[in-house]
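The values are calculated or read from the model by the stated rules, or taken from the named source; none is laboratory data. Please read these numbers as outputs of a predicted model, since none were measured by experiment. Ideal geometry is used to build each Cβ from the backbone, glycine not excepted, and the neighbour counts take in all protein chains shown.
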Amino acid sequence: MVNTIVVSLFGLKKSDRILFDLLKEKVAEKLREEYPEVSNSMQDWKGDEIALFREDLQNKVHGTVSEKWYYTHIKNEQEKLPRVDTLNLFAQYIGLNSWNAFLYEHVGEEQQDEVVETEIYDPSWKKQGLSKRSYLLFFLVGFSIVSIVLYFSFRTVEEPRYSICFIDKHTHLPVIDSFLEIQVNIGDETPKFIPVTSSCVSGTGNLVDFIVKGRFYKPLHVKRKISGNSYEEAIYLEPDDYSMILHLFANSQVEDWKERRNQLSEMLHDNLKAYEISKDGFTIDVLSKDEFINKMTLPTKVLKKVAIVYTEYEGDQMSIIRFTQE
């Protein structure tokens with residue numbers, strides 16, 4: 001006896017790595033529409049081009065990635081893809097709604113499930129007297145039972161959700177800093193650095209352990225044990241006033257240079273080490289306190305291209321500064 005049954009065949013999915021490389025190509029093409037001088041490949045971009053992309057990403061989709069993230073995931077190939085929220089940013093940058101929308105557009109209909117009819121000859125069915133209708137009934141009942149068991153299994157292990165928002169301690173307003181990122185600590189694993197695209201972070205789990213960092217805010221270690229189904233909290237970040245002042249010094253016109261030198265002298269520790277990092281990140285010059293003050297008080301156009309990326313304190317004075325100059 002020949003019986004006809006329904007079989008679901010699934011097409012093979014394209015490699016995630018290939019799709020991510022394709023997304024990077026689309027991102028590079030998008031940036032080159034306005035800046036044709038940019039290199040064709042994101043992996044070839046250097047300091048100026050990376051900074052230009054981060055700024056354009058912030059302007060177009062109101063989110064960005066840190067320079068450290070760029071060197072980790074673009075310059076160096078990782079075993080795993082970046083987090084989906086970052087993939088969503090890239091997809092939105094090229095005009096799509098999300099990473100899933102990008103996958104749907106480029107994977108195509110060949111990945112959709114196809115239902116085909118296959119003829120199978122099984123003499124045992126004839127002996128058992130099973131009809132096509134009986135077989136389909138058993139199949140549907142079994143499938144329903146498995147689906148219900150899986151649904152309730154996953155439902156019972158669902159972890160609590162949390163949402164933590166960052167507030168400026170002085171202004172009591174949401175923190176707005178395109179360089180804000182969190183360093184997630186997961187047991188003995190290497191910390192993960194995640195850019196914060198808004199003033200809040202959310203996730204799931206019973207334990208929250210991360211360090212939030214910003215260009216104009218002092219680092220803060222946040223550690224919480226989560227209980228219940230959901231958890232929300234607003235955390236105050238203390239502004240790094242001296243970092244803001246240095247940023248203003250490097251991006252504003254001042255007539256009284258002597259006064260500026262005196263202000264810098266009060267802010268900086270006598271044993272200050274100021275590290276000037278090159279565009280490619282491979283060359284570092286170390287400046288003393290006097291050398292750094294001289295650099296910050298030269299009335300030239302070069303000064304306006306200085307960007308402070310990291311500060312460290314000893315008491316109330318800056319003891320370590322890292323900065324770049326375009």
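For the stretch 166-190, which residues satisfy the criterion of being among the aliphatic types (A, V, I, L, M), loosely packed, with under 14 Cβ neighbours inside 10 Å and at pLDDT below 85?
Hits for the stretch 166-190 are Ile176, Ile186.
Select from the stretch 277-309 the residues that are in contact with a strand residue (DSSP E or B) (Cβ under 6 Å, 6 or more places away or on another chain) and among the charged types (D, E, K, R) and write down the one among them that is modelled with the highest pLDDT.
Going through the qualifying residues, I end up with Lys289.
Which of the strands (runs of 3 or more DSSP E) found entirely inside the stretch 158-236 contain at least 3 residues meeting this: closer than 17 Å to Pro82 by Cβ?
181-184, 192-195
Among (1) within 17 Å of the chain's Cα centre (by Cα); (2) surrounded by fewer than 17 Cβ atoms within 10 Å (Cβ to Cβ); (3) at pLDDT below 85, where does Arg155 come up short?
(1)
I'd like to check something: does the stretch 191-212 contain any residue that is crowded, with 16+ Cβ neighbours inside 10 Å, in contact with a Leu (Cβ under 9 Å, 6 or more places away or on another chain) and closer than 21 Å to Gly315 by Cβ?
Checked the stretch 191-212: no residue is crowded, with 16+ Cβ neighbours inside 10 Å, in contact with a Leu (Cβ under 9 Å, 6 or more places away or on another chain) and closer than 21 Å to Gly315 by Cβ.
Can you name the condition, by its number, that Phe138 falls short on among (1) assigned by TED's automatic domain parsing to the domain that holds Leu23; (2) at pLDDT below 80?
(1)
For the stretch 48-67, name all the residues that are within 15 Å of Pro82 (Cβ to Cβ) and modelled with pLDDT under 85.
Glu67
Mind checking which residues of the stretch 203-250 are touching a Phe, Trp or Tyr at 6+ places or on another chain (Cβ under 7 Å), of a type in the set (A, V, I, L, M) and in contact (Cβ under 8 Å) with a residue 60 or more places away in the chain?
Ile226, Ile235, Leu237 - these are the residues of the stretch 203-250 that are touching a Phe, Trp or Tyr at 6+ places or on another chain (Cβ under 7 Å), of a type in the set (A, V, I, L, M) and in contact (Cβ under 8 Å) with a residue 60 or more places away in the chain.
Does the stretch 71-81 contain at least one residue that is part of a helix (DSSP H, G or I), β-branched (Val, Ile, Thr) and in contact (Cβ under 8 Å) with a residue 24 or more places away in the chain?
Yes; the residues of the stretch 71-81 include at least one that is part of a helix (DSSP H, G or I), β-branched (Val, Ile, Thr) and in contact (Cβ under 8 Å) with a residue 24 or more places away in the chain.
For the stretch 237-258, enumerate the residues that are outside any helix (DSSP H, G or I) and either loosely packed, with under 12 Cβ neighbours inside 10 Å or modelled with pLDDT of 80 or more (or both).
Leu237, Glu238, Pro239, Asp240, Ser252, Gln253, Glu255, Asp256
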